[in-house]
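Chemist: Just dropping this structure here.
All of the numbers you see were taken from the coordinates with simple rules; none came from a lab. Small disclaimer: the values here were computed from a predicted structure and weren't measured. Using ideal geometry, Cβ is built from the backbone for each residue, glycine included, and neighbour counts are taken over all protein chains shown.
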């Protein structure tokens, strides 16, 4: 039986692909459907992927991770005079930053994108009844000045090194949305045209616009007639949501999908297996990214409060072996939260190897000696037992978790696996610090993202703080706190680098979490598609769709 | 014939499950220890059915899975049968309003789309009611409890119908006339005489529970690893079904055998 | 009859009310409200943001207050907004319901047709009975997602005859092709019941004296089956359809997930998992209502066909 299915599966690649029509459309499979199309309500990967085709921000990080202009003319800097230091009205050190919008940039109905659209976005974001997600940017940007139809200035009450980045502050079509918002900001989120008529061309200012939506299953994009940049290659792009990854692969193999987006596509291990069988049929690219897989350790647990135990845990975990065997070496092992591709990464940071002998020595030193069943015990006779948690139903993490359990057992540490559905795990257990041992999950960050919310002692979630903050381990380190405060406001790149290096040294020594690896996005493209450049960070490759070409 | 074939199938699976530790010792393999150097090995002398995504022996995990899956099936059937028979007897014996309320409840449950409700129940947090979260034993208890919520209905309807006809018989009247207590009548005279239909319903409940466990596993709400159940083995294998189909084929066949076995037993009892 | 109908409708209403309360409680008691999840996902959200967003969504109210408000709105015909799709619930449910009903309708038709044929075959030709039985038992014993994956591997990936999933862009022949595999997956599980009930019923009917008489008159076997025996077999078919309505919806959840078809099953699952209380409850209640009405219709049909039951 098994052998027969195997042969059948192999046969699949012997049958010639169906005759292809002229390639003026591209069908892309992704695993998520956006909860909303509104630029500022909820951030999720599916929305930013589709937004890459249909909307443009002022600035973004490019494939080389440098800040670049998409909707603006030049990135504002102190050097080019578009950013100017000044005092805020209440005497603090502030900065004023001016962005000039690209000429010819227009909404899909032909209306130009102007400073008014940016002003409206700022006003809506600053009115906290509107219900936008993060409000920090708008809290800091206390004044907006429209200088001309294509120039807008914001004044900030704090200078950070990322002052030139416009972040989530993107143009909103004021000629469509302003009236809806002004009618009642509280209910604007359900009356916005992005929700009620997402196919209205006036909402989109990218090379494509949304022409049809099928909630939960797909979105159709067609060329935006008023796009003034280089014309994109495809007349139409179909984006299909298929959450079940086995079904996603089946549709790819059946020829119903041209490609699977790496940003939200197949798990890496599934793609490496696919590549072994279908190398001649698709092109594969693995792009290491900013998704940081790690084990958060509960530092309130007396066992884990001992640094030697934390160091022994990382020494007992053969991360290189897991990466080599499960992911064919396609994901870089992490040493701290900082990605090796990040400009601020310290190549000389302490790198813990797999070393069972040293792990054993450290544990013995910490008072944990081998017991009769192979599990270590302390002087009081307590077993060295830790809870190892992750999200139930995430097969990839459950797999890693079981491997780690096996490795720790070799070192005399018992890991008891206890998994919960994501909404319980993230919504309560982790975010309210109710785990007692190790929690396996990932952080998504951006280049040079200061990890304040995960490492500063003020960010330990408590009931008083409404459980905000993400320092789930409960890490307290005065020097780290000082670094996290100094980093964002240090404008000199080299001096900032020194701070970053110190941060990584502390992290690698103290191990508030055990770094595992940075996840890689696995992209699957048809052989005839060229020019897709994965970025590895939160700005997806779709933001450069003009460069996608059909190979001749 | 059917009964015997069904019992044979189930017996084989149960024997395999019981013998799992000895077979593991004999093969010298640990069904729970990952071996990263031996992933997706095809069948061989050491691994008769090959290995899974973590290099664990598929045969041994199938046998371990038999323990969990059959336990879920049998425990659900026992729970559902006890509750269902109790309710069925109560309804038949008391009649009137009690009967009407209980049977309307049963009708209502039967007409509900069970799976979506099961999904809500399965996603609910057992930690809130004091059960430990996420451990294998509590997973089994949780799933059995959830499946019993719907499982009792079929048993209750069948046992009520059977009990009604028995209660009308002469020997029950005679027993009552001789002064037997109501409890004695129900336990000594009615229950033994409705055992047949109840056994059929129980066999079908086992089958339904095994299938339902695999469905919940497919949705990521079943028994959590590293414990093995046929459902979670099958669900785990689906991502790599195109590159390592055998990992998915065996647990699927095991479920097929178990469910077919139960159906045959029920059929056999019916004749 | 009217009395019966009225009684059943009252029962349906009571069931729905109880169900809505139980589900609201269960979903509401699940940890991780939407704001908790947003907090875990977005490092920029501050303590003030959390309080602000919670108040905005009315999540700072006690559960019972929220239920009463929700139920009152529902009775006024306001279904509310889906959090997951940021659209009015009614707007999302409409197309999903149509898609699911098409899928289920086709599956019931196919499984009844094949099941009845198998039943008739084993009733008319007893030596084929074990064969028909085996198909029926295998069909109902295979886990449906496993069967679905096998069908996809064979017919979509290997042979390339049929799409592996998704929904057709345009109607007509193309739309039918998209239905084949999901319908086959669903129908397999259900044909057993039809085969069994019709075989049992037909075997009995074929032994009846008036059939023997007809046979003696020289009526052709086929005509005998279609004209005389088949109407009698319709009763058990309706009975099966009535009993299976609930489990079919469960099957739809699996097939819709596996074949990436939009529909009610998947919608309910996504809504429960994504903490979209409004959508989950309305969809669940609607599905329950439809199934209960289907059950009722099948019951009534059965009574109309079979005077003994009336």
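Chemist: Can you tell which of C:101, C:116, C:138 shows the greatest fluctuation in a Gaussian network model of chain C with Cα springs below 10 Å?
Modeler: C:138
Chemist: Same structure again: Could you calculate the FRET efficiency of residue A:146 with residue A:175 from 1/(1 + (r/R0)^6), where r is the beta carbon distance between them and R0 is 22 Å, rounded to 0.05? If you can, show how the numbers build up before the last one.
Modeler: Numbers: r = 15 Å, r/R0 = 0.68.
The calculated FRET efficiency here is 0.90.
Chemist: Indicate the gyration tensor shape class of the protein assembly as shown (rounded, prolate or oblate), computed on the Cα atoms with a ≥ b ≥ c the square roots of the eigenvalues: a/c under 1.5 is rounded; otherwise a/b larger than b/c is prolate and the rest oblate. Before the final figure, lay out each step's value.
Modeler: Values: a/c = 1.81, a/b = 1.53, b/c = 1.18.
Verdict is prolate for the protein assembly as shown.
Chemist: How long is segment A:307-419 along each principal axis, judged by its Cα atoms, biggest number first, in Å?
Modeler: Ordered largest first, segment A:307-419 gives principal extents of 47, 36, 20 Å.
Chemist: Okay, next question. Using the basic label-point model (7 angstrom from Cα toward the beta carbon), what is the residue B:46 to residue C:243 distance in nanometres?
Modeler: 5.0 nm
Chemist: Each label point is 7 Å from the Cα along the Cα-to-Cβ direction; what then is the distance between the points at residue C:109 and residue A:478, in nm?
Modeler: 7.8 nm
Chemist: Oh, and also: Taking the Cα centre of each part, how many Å lie between segment B:185-211 and segment A:105-132?
Modeler: 68 Å
Chemist: So, in nm, how far is label residue C:117 from label residue A:236 when the simple model puts each one 7 Å beyond its Cα toward the Cβ?
Modeler: In this crude spin-label approximation the distance works out to 3.6 nm.
Chemist: Find the centroid of the Cα atoms in segment A:221-278 and in segment A:499-540, then give the distance between the two in whole Å.
Modeler: 21 Å
Chemist: Given 20 °C and 1.002 mPa s, compute D for chain B with the Stokes-Einstein relation, Rh being the Kirkwood radius over Cα pairs; round to the nearest whole µm²/s.
Modeler: Values: Rh = 20.3 Å.
It diffuses with D of about 106 µm²/s by this estimate.
Chemist: Would you mind putting B:240-247, B:89-96 in packing order, based on average other-beta-carbon counts within 10 Å, highest first?
Modeler: Values: B:240-247: 23.1, B:89-96: 17.4.
Highest mean packing first, the order is B:240-247, B:89-96.
Chemist: Next question. In a solvent-free Debye calculation with one equal scatterer on each Cα, what is log10 I(q)/I(0) for chain A at q = 0.07, 0.11 Å⁻¹, listed in the order of the q values?
Modeler: -0.46, -1.11
Chemist: Let me check against my output: what whole-number percent is the relative contact order of chain A, with C-alpha pairs under 8 Å and at least 6 apart? Provide the component values of the computation, followed by the final result.
Modeler: Working: 1092 pairs, mean separation 106.2, N = 552.
Relative contact order here is 19 percent.
Chemist: So what is Rg over Rh here for segment B:1-84, counting just Cα atoms and using Kirkwood for Rh? Could you put the intermediate results ahead of the total?
Modeler: Numbers: Rg = 15.6 Å, Rh = 14.2 Å.
Using only Cα positions, Rg/Rh for segment B:1-84 is 1.10.
Chemist: If each residue's Cβ is checked for other Cβ atoms within 10 Å, how do C:266, A:47 rank with the fewest at the top? Don't skip to the end; give the middle numbers.
Modeler: Values: C:266 26, A:47 20.
Exposure proxy ranking, most exposed first: A:47, C:266.
Chemist: Taking each residue in A:206-218, count the Cβ atoms of any other chain within 10 Å of its Cβ, then average. What number comes out?
Modeler: Numbers: counts 0, 0, 0, 0, 0, 0, 1, 2, 6, 13, 14, 11, 5.
Taking all residues of A:206-218 together, the mean is 4.
Chemist: Please report, for the Cα atoms of segment B:119-271, the Rg to one decimal and the Dmax as a whole number; what are they, in angstrom?
Modeler: When restricted to Cα atoms, segment B:119-271 yields Rg and Dmax of 20.6, 72 Å.
Chemist: For segment C:190-310, rounded, prolate or oblate, judged on the Cα gyration tensor with a ≥ b ≥ c (square roots of eigenvalues), a/c < 1.5 rounded, else prolate if a/b > b/c? Walk me through the intermediate numbers first.
Modeler: Values: a/c = 4.76, a/b = 2.66, b/c = 1.79.
Since a/c reaches 1.5 and a/b is larger than b/c, the shape of segment C:190-310 is classed as prolate.
Chemist: Taking beta carbons within 10 Å but only from partner chains, what does the mean come to for residues C:19-29?
Modeler: Numbers: counts 4, 0, 0, 3, 4, 0, 1, 6, 3, 0, 4.
Taking the mean over all residues of the peptide, I get 2.
Chemist: Mind telling me which of C:16, C:279, C:104 comes out most flexible in a GNM of chain C, alpha-carbon contacts under 10 Å?
Modeler: Result for chain C, Cα springs under 10 Å: C:16 fluctuates most.
Chemist: If the viscosity is 1.567 mPa s and the temperature 4 °C, what translational diffusion coefficient in µm²/s does Stokes-Einstein give for chain C when Rh comes from Kirkwood over Cα pairs?
Modeler: Details: Rh = 22.4 Å.
In µm²/s, the coefficient is 58.
Chemist: To continue, here is another question. Using only Cα atoms, locate the centre of segment A:285-311 and the centre of segment B:242-270, then give the distance between them in Å, rounded to an integer.
Modeler: Going from one Cα centre to the other spans 42 Å.
Chemist: For a quick check: sort A:130, B:205, B:46, A:160 by the number of other beta carbons within 10 angstrom, fewest at the front. Spell out each step's value before the answer.
Modeler: Details: A:130 21, B:205 29, B:46 12, A:160 16.
Fewest-to-most Cβ neighbours within 10 Å comes out as B:46, A:160, A:130, B:205.
Chemist: Give the shape of segment C:233-288 as rounded, prolate or oblate, defined through the alpha-carbon gyration tensor: a ≥ b ≥ c are the square roots of its eigenvalues, a/c under 1.5 means rounded, and otherwise the shape is prolate if a/b is larger than b/c and oblate if not.
Modeler: Verdict is oblate for segment C:233-288.
Chemist: Kirkwood Rh over alpha-carbon pairs of segment B:1-41, then Stokes-Einstein at 25 °C and 0.890 mPa s: what D in µm² s⁻¹, rounded to an integer?
Modeler: Working: Rh = 12.4 Å.
Calculated translational D: 198 µm²/s.
Chemist: On to the next question. Which residue, B:214, B:138, B:165, tops the fluctuation ranking in a GNM of chain B built on C-alpha contacts under 10 Å?
Modeler: B:165
Chemist: Restricting to chain A, what percent of DSSP beta bridges are antiparallel, rounded to 5? Don't jump to the answer; show the numbers that get you there.
Modeler: On the way: 60 of 77 bridges.
Of the beta bridges lying entirely in chain A, close to 80 percent run antiparallel.
Chemist: Can you give the convex hull volume per residue for the Cα atoms of segment A:456-549, as a whole number of Å³?
Modeler: Working: hull volume 16.8 nm³, N = 94.
It is 178 Å³ per residue.
Chemist: What FRET efficiency, computed as 1/(1 + (r/R0)^6) with R0 = 25 Å and r the Cβ-Cβ distance, is obtained for residue C:22 and residue A:186, rounded to the nearest 0.05? Don't jump to the answer; show the numbers that get you there.
Modeler: Working: r = 31 Å, r/R0 = 1.26.
About 0.20, to the nearest 0.05.
Chemist: Provide the FRET efficiency to the nearest 0.05 for the residue C:220-residue C:14 pair, computing r from the beta carbons and using R0 = 60 Å. It would help to have the intermediate numbers written out before the result.
Modeler: Working: r = 52 Å, r/R0 = 0.86.
E(calc), rounded to 0.05, equals 0.70.
Chemist: Using the number of other C-beta atoms within 10 angstrom as an exposure proxy, rank B:190, A:424 with the fewest first.
Modeler: On the way: B:190 22, A:424 26.
With the fewest neighbours first, B:190, A:424 line up as B:190, A:424.
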